[in-house]
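Trainee: Next up is a structure, given as structure tokens.
Just so you know, all these numbers are worked out from the coordinates, no wet-lab data involved. Computed from a predicted structure; not experimentally measured. Ideal geometry is used to build each Cβ from the backbone, glycine not excepted, and the neighbour counts take in all protein chains shown.
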Amino acid sequence: MSDLETFRAETRDWLEANCPPSMRGEMGGEDEAVWGGRNFVFKNPDAKLWLGRMGARGWTAPTWPREYGGGGLSREEAKILDCEMARIKARPALLSFGIWMLGPVLLEYATDEQKREHLPKIVRGEIRWCQGYSEPGAGSDLASLRTRCEDRNDHFLINGQKVWTSYADQADWIFCLVRTDTTKKHEGISFVLFDMKTDGVEARPIKLISGNSPFCETFFTDVKVPKKNMVGKLNGGWEIAKRLLQYERQNISASGFGGGGGIELEEIAKHYVGEEGGRIADGDLRARIAAHRMEAKAFSLTVRRVEDEAKAGRSVGPAVSIIKYAAAKLNQDRFELMVEAMGTQGLGWGGEGFNASEIAATRGWLRSKGNSIEGGTSEVNLNVVAKRVLGLLDHQ
Ligand SMILES: Cc1cc2nc3c(=O)[nH]c(=O)nc-3n(C[C@H](O)[C@H](O)[C@H](O)COP(=O)(O)OP(=O)(O)OC[C@H]3O[C@@H](n4cnc5c(N)ncnc54)[C@H](O)[C@@H]3O)c2cc1C
């Protein structure tokens, strides 16, 4: 048996023995997702057990080095782990901005001390992170950010405001872009990490049209940050910021924004519109759903190819903007079709007239409006493609 076959057999046995039955199969709702962190309340004790087991093995971040708590797996082994988890429909043990965004840039830019301090806690889901990038007046034009970070000899002092900070009210730490030189734009930005419990940090939730409150306005008033918490060089944060955005775009795209759960559009349409000889009764809707399905299939194959290329050593680059753009459009199209097929039943907010999946469809449709904004708007991603992939305009 080859090494990889042995690894597959051992992984299969380990997963069979360690993945609790209730952690297999689709999640019932968003509230079953595990984000970890100091204050996280587990809805199901099995979710805690599953995170504990996967975290101890480093398999929440399978390819990160073992010395920083990761699984130390090769890319081929990580792929086998993915396949074996999919085989038993194992749920992800942990959803984490730390794993998707911060960890990869720490591995690339942080000191050994910073890696040792932060990476193992990310892997085990002990510390939950939020992203302090956008500000009022600095969203697409992120480099206009004004949150000041002053050198006060033995520490930095931070004053300013962030906005749209997802889960800032639940996060333990923030990775934050700050202005350390007011005379330069891109070269005056630094990348710092700090504890959300530090005096002077305040997160105020903002309510969305979907009824959720996933993000906040975040205020910093005389926040003291230890100097060892700066990642990379003073005024060298822009390069790290852009790199992290590439990881963010790659991850949210590969997950397809988590849209729509496992229910097939065809089944929904047959249920609400009716069937004719086993097909959706409305020919026009049927054709559009078929076209969407083909696009979705082509998209998922492209994502797999890009992932394989990345795993073969070619790291993420600006081309990830193509995927982010397409993923946002696909997910929005999917929800438009779903709500259209459901008719008035797809516009339920609550009450006895609507069942749980109808309400979830309405809220998912409203939430999907944000897909073409979060992680960089569609227009901005198309600009990235024009400039940095196709070379159509001068680089900034
Ligand atoms: C669900 C969600 C979660 C988010 N989570 C976070 C988070 O955790 N942390 C964080 O820091 N931010 C977060 N954001 C904020 C997000 O990054 C910004 O909303 C986004 O970058 C756009 O910035 P803006 O809202 O200021 O819009 P603006 O930049 O003001 O854009 C307004 C419109 O102008 C267009 N536009 C702007 N510039 C150009 C241009 N050069 N060319 C063409 N069109 C242009 C845009 O495409 C858009 O349509 C989140 C946003 C959403 C929707």
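Trainee: Counting every Cα pair in the stretch 313-382, what percent are over 14 Å apart? Display every interim value, and only then the final one.
Mentor: On the way: 1497 of 2415 pairs.
Looking at the stretch 313-382, the distances longer than 14 Å represent 62 percent of pairs.
Trainee: Also, quick follow-up: What is the Å³ per residue value for the convex hull set by the Cα atoms of the stretch 98-182?
Mentor: In the stretch 98-182, the Cα hull volume divided by residue count equals 121 Å³.
Trainee: Among the helices of the chain (complete DSSP H runs), which have Cα atoms covering no less than 24 Å along the helix axis and a Kyte-Doolittle mean of at least 0.0? List each step's numbers first, then the result.
Mentor: Working: long enough: 237-254 (25 Å, -0.76); 283-311 (42 Å, -0.58); 320-342 (33 Å, 0.30).
Helices meeting the criterion: 320-342.
Trainee: Between the stretch 135-151 and the stretch 82-131, what is the separation of their alpha carbon centroids in Å?
Mentor: 26
Trainee: Suppose every K and R has +1 on its Cβ and every D and E has -1 on its Cβ; what is the size of the dipole of the stretch 10-69 about the Cα centre, in Debye to the nearest 20?
Mentor: Details: 8 positive and 9 negative charges, 49 e Å.
Computed charge dipole of the stretch 10-69: roughly 240 debye.
Trainee: Continuing with this model, one more query. If you rank ARG249, ARG286 by fewest surrounding Cβ atoms within 10 Å, what's the result?
Mentor: ARG286, ARG249
Trainee: Choose one of LEU347, PRO318, SER357: the residue whose Cα lies farthest towards the positive end of the charge dipole of the stretch 300-396 (beta-carbon charges +1 Lys, Arg; -1 Asp, Glu; about the Cα centre).
Mentor: PRO318
Trainee: If all Cα-Cα distances of the chain are sorted into 20 Å bins from 0 onward, what percent lands in each bin, rounded to whole numbers?
Mentor: Reading upward from the zero bin: 24, 57, 18, 1.
Trainee: So, one more: Any idea what % of Cα-Cα pairs in the stretch 54-103 are farther than 15 Å?
Mentor: Value for the stretch 54-103 (Cα pairs over 15 Å): 45 percent.
Trainee: Regarding the stretch 233-383, what are the three Cα extents along the principal axes, ordered largest first, in Å?
Mentor: Over the stretch 233-383, Cα extents along the principal axes are 61, 33, 24 Å.
Trainee: On to the next question. Over what distance in Å are the Cα centres of the stretch 162-178 and the stretch 329-375 separated?
Mentor: 27
Trainee: In Å and from the alpha-carbon atoms only, list the Rg and Dmax of the stretch 1-55.
Mentor: 14.0, 45
Trainee: Further question on the same structure: In which sequence would SER140, SER96 go, from the one with the fewest C-beta neighbours within 10 Å to the one with the most?
Mentor: Listing SER140, SER96 from fewest to most nearby Cβ atoms yields SER140, SER96.
Trainee: DSSP loop chymotrypsin sites (Phe, Trp or Tyr not before Pro) in the stretch 8-74 with at most 10 other Cβ atoms within 10 Å of their Cβ, which ones? Kindly include the intermediate steps, with their values, before the conclusion.
Mentor: Details: sites: TRP14, TRP35, PHE40, PHE42, TRP50, TRP59, TYR68; in loops: TRP35, PHE40, PHE42, TRP59.
When the chymotrypsin sites (Phe, Trp or Tyr not before Pro) of the stretch 8-74 are filtered for loop state and at most 10 Cβ neighbours within 10 Å, nothing remains.
Trainee: Another question about this same structure. Just to be sure I follow: if Rg is taken over the C-alpha atoms of the stretch 59-135 and Rh is the Kirkwood radius over the same atoms, what is Rg/Rh?
Mentor: Numbers: Rg = 13.2 Å, Rh = 13.2 Å.
Taking Rg over the Kirkwood Rh, I get 1.00.
Trainee: Let me ask another. So which of LYS48/LYS228; LYS185/LYS207; LYS48/LYS89 end up more than 21 Å apart, counting from Cα to Cα?
Mentor: Numbers: LYS48/LYS228 32 Å; LYS185/LYS207 32 Å; LYS48/LYS89 18 Å.
Cα-Cα > 21 Å for LYS48/LYS228; LYS185/LYS207; rest within.
Trainee: Also, quick follow-up: Could you give the dipole magnitude of the chain about its Cα centre, charging the beta-carbon of Lys and Arg +1 and that of Asp and Glu -1, in debye to the nearest 20? Display every interim value, and only then the final one.
Mentor: On the way: 54 positive and 55 negative charges, 136 e Å.
Charge dipole of the chain: 660 debye, to the nearest 20.
Trainee: Restricting things to Cα coordinates, could you compute the convex hull volume per residue of the stretch 28-174 in Å³?
Mentor: Working: hull volume 21.8 nm³, N = 147.
Residue-normalised Cα hull volume stands at 148 Å³.
Trainee: Which residue, THR218, ALA281, ASN44, has the largest displacement toward the positive end of the dipole of the chain when charges sit on each Cβ (Lys, Arg +1; Asp, Glu -1)?
Mentor: THR218
Trainee: Could you work out which residue, out of GLY139, GLY211, GLY370, moves most in a Gaussian network model of the chain, that is, has the largest mean-square fluctuation with Cα springs under 10 Å?
Mentor: Between GLY139, GLY211, GLY370, it is GLY211 that shows the largest mean-square fluctuation.
Trainee: I would also like to ask the following. Which loop-located trypsin sites (Lys or Arg not before Pro) does the stretch 163-239 contain, where loop means any DSSP state but H, G, I, E or B and the Cβ has at most 15 other Cβ atoms within 10 Å?
Mentor: LYS184, LYS185, LYS197, LYS207, LYS233
Trainee: Find me the longest stretch of the chain that has none of the exposed GluC sites (Glu not before Pro), where exposed means in a DSSP loop (not H, G, I, E or B) with at most 13 other Cβ atoms within 10 Å. Walk me through the intermediate numbers first.
Mentor: Values: sites that count: GLU26, GLU264, GLU352.
After excluding every exposed loop site, the longest remaining stretch is 27-263.
Trainee: Roughly speaking, what % of Cα-Cα pairs in the stretch 1-109 are separated by over 15 Å, rounded to a whole number?
Mentor: Details: 3847 of 5886 pairs.
Tail fraction, whole percent: 65.
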